[in-house]
Amino acid sequence: MAILRFFASTRAVVGADRRPSADFGLPEQVDTSILRRTLVEAYPEARNLFMTCTFLADAERIGDRLISTKDVDTIDVLPPFAGG
């Protein structure tokens, strides 16, 4: 099971630097759109933030490809840095 790691402003919203993917009820297969939708549902007040985040699975950008939450150790949730 993957651990979601939150950085900077995403950490402030979630109130933790890491949470198990099971805490969010993520399906086994996820991509960026699924991750965004799930986080926005959990934290609707931070919609604009999560819609601009980049997601990495074990340090590789997820993008549109599906990854298995059972096959990766970490999913990093990275907000925009330095204005973009």
request  = Give the long-range amide H neighbours of Thr54: residues separated by 5 or more places, or on another chain, with amide H under 5 Å away, using H modelled in the peptide plane at 1.01 Å from N.
outcome  = Leu78
note = Amide H neighbours of Leu4 at under 5 Å, excluding residues fewer than 5 places away on the same chain, with H built from the backbone geometry, are Arg19, Ser21, Ile75
note = Counting only DSSP beta bridges fully inside the chain, the antiparallel percentage to nearest 5 is 75 percent
For the range 28-76, the fraction of alpha-carbon pairs in successive 10 Å shells from zero, as % = 28, 55, 17, 0
note = Note: Phe7 to Ile34 extended length (0.36 nm per residue) minus current alpha-carbon separation gives 7.8 nm
ask   = Looking at Pro79, Leu26, Ala2, which one has the Cα that reaches farthest to the positive end of the dipole of the chain (charges on Cβ: Lys, Arg +1; Asp, Glu -1)?
value = Pro79
task = Taking Rg/Rh (Cα atoms, Kirkwood Rh) as the quantity of interest, determine which of (1) 1.15; (2) 0.96; (3) 0.92 was computed from the displayed structure.
result = (3)
query = How far is helix 32-42 tilted, in degrees, relative to the longest principal axis of the Cα atoms in the chain, given as a value from 0 to 90 rounded to the nearest 10?
reply = 60 degrees
The range 3-78, dipole about Cα centre (Lys/Arg Cβ +1, Asp/Glu Cβ -1), debye to the nearest 20 = 200 debye
remark   = Phi-derived 3J(HN,Hα) across the range 44-55 with the Karplus relation (6.51, -1.76, 1.60, θ = phi - 60°), rounded Hz, x for Gly and Pro, is x, 5, 10, 3, 4, 5, 5, 6, 10, 6, 9, 10
inquiry  = Quick check: residue separation of Thr52 and Leu66 times 0.36 nm, minus the Cα distance between them. What number comes out in nm?
reply    = 3.2 nm
ask   = How large is ³J(HN,Hα) for each residue in the range 23-28, as worked out from phi by the Karplus curve 6.51 cos²θ - 1.76 cosθ + 1.60 (θ = phi - 60°), to whole Hz, x for Gly and Pro?
value = 4, 9, x, 5, x, 5
query = Among Asp31, Asp64, Asp71, what is the fewest-to-most ranking by other Cβ atoms within 10 Å?
reply = Asp64, Asp71, Asp31
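Quick note: the coordinates plus some simple rules give every number you see, no bench work behind them. For clarity, every value in this text was computed on a predicted model and none was experimentally measured. FYI the Cβ positions are ideal-geometry reconstructions off the backbone, even for glycines, and counts take in every protein chain you see.
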